[in-house]
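The values are calculated or read from the model by the stated rules, or taken from the named source; none is laboratory data. Because the structure is predicted, anything quoted here is derived from the model rather than measured. Ideal geometry is used to build each Cβ from the backbone, glycine not excepted, and the neighbour counts take in all protein chains shown. Surface accessibility is based on the protein's heavy atoms, side chains included, excluding ligands, DNA and RNA. Shrake-Rupley method; radii C 1.70, N 1.55, O 1.52, S 1.80 Å.
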Amino acid sequence: MRYMMIVKASPESENGVMPTQQELDDMGKYNDELTKAGVLLAADGLHDSSKGFRVQYAAGGATTVVDGPFAEAKELVAGFWIIQVSSREEALEWARRIPFQEGEVEVRRVFEAEDFGA
């Protein structure tokens, strides 16, 4: 089973505040543990939403582009991991080990082809 561990943005991450060296070191160790356990498929941090945009789609194929920044930092994504584990419980164990002092991580299962049936 694949799970995405979604790091929620914060006012600091939305203002471009970079992690401390200690936080980067701790995250590197955590990512190394995921890699050594063979569960890490992908992991990345995202720039703040002021550097992004949204594409809105309307009937008939019309699109509108909305440039960031976007409101409500707690509703935005600051980074993610995609892990492959054997159970929800294992995903939860890995999520609990993320070396954050504060913040929120949302964990969601990724659809697999077999979830859609024949």
By accessible area (1.4 Å), largest first, Ile83, Ile6 order as Ile6, Ile83
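What does the charge count near Trp81 come to, summing +1 for each Lys or Arg and -1 for each Asp or Glu among other residues with Cβ under 12 Å from its Cβ?
Details: positive: Arg2, Arg97, Arg108; negative: Glu33, Asp44, Glu106.
Net local charge, Trp81 excluded: 0.
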What value, in deg cm²/dmol to 500, does the helix sum -39500 (n - 2.57) over DSSP H runs of n ≥ 4 give at 222 nm once divided by the residues of the chain? -7000 deg cm²/dmol
Phi to ³J(HN,Hα) by Karplus 6.51 cos²θ - 1.76 cosθ + 1.60 over the stretch 28-34, Hz, x for Gly, Pro: x, 5, 4, 5, 4, 4, 4
Determine the relative contact order of the chain: mean sequence separation of Cα pairs under 8 Å and six or more apart, normalised by residue count, in whole percent. 47 percent
With every protein chain kept in place and a 1.4 Å probe, the chain has an accessible area per residue in Å² of 72 Å²
Amide H neighbours of Leu76 under 5 Å, at least 5 residues apart or on other chains, H built in the peptide plane: list them. Ala9
Summing Lys, Arg as +1 and Asp, Glu as -1, what charge do residues with Cβ under 15 Å from the Cβ of Gly68 carry, Gly68 excluded? -3
Using each residue's phi in the stretch 81-95, evaluate 6.51 cos²θ - 1.76 cosθ + 1.60 at θ = phi - 60° and report the 3J(HN,Hα) Karplus result to the nearest Hz, with x for Gly and Pro. 10, 10, 10, 10, 9, 8, 7, 4, 4, 5, 4, 5, 4, 5, 5
Expected vector for the stretch 60-74, Karplus 3J(HN,Hα) from phi with 6.51, -1.76, 1.60 and θ = phi - 60°, integer Hz, x for Gly and Pro, equals x, x, 5, 10, 10, 9, 10, 7, x, x, 10, 6, 6, 3, 5
Carbon-plus-sulfur fraction of the accessible area of the chain, 1.4 Å probe, in percent? 51 percent
For Lys8 and Ala118, what is the calculated FRET efficiency with R₀ set at 41 Å and r taken between the beta-carbons, to the nearest 0.05? 0.65
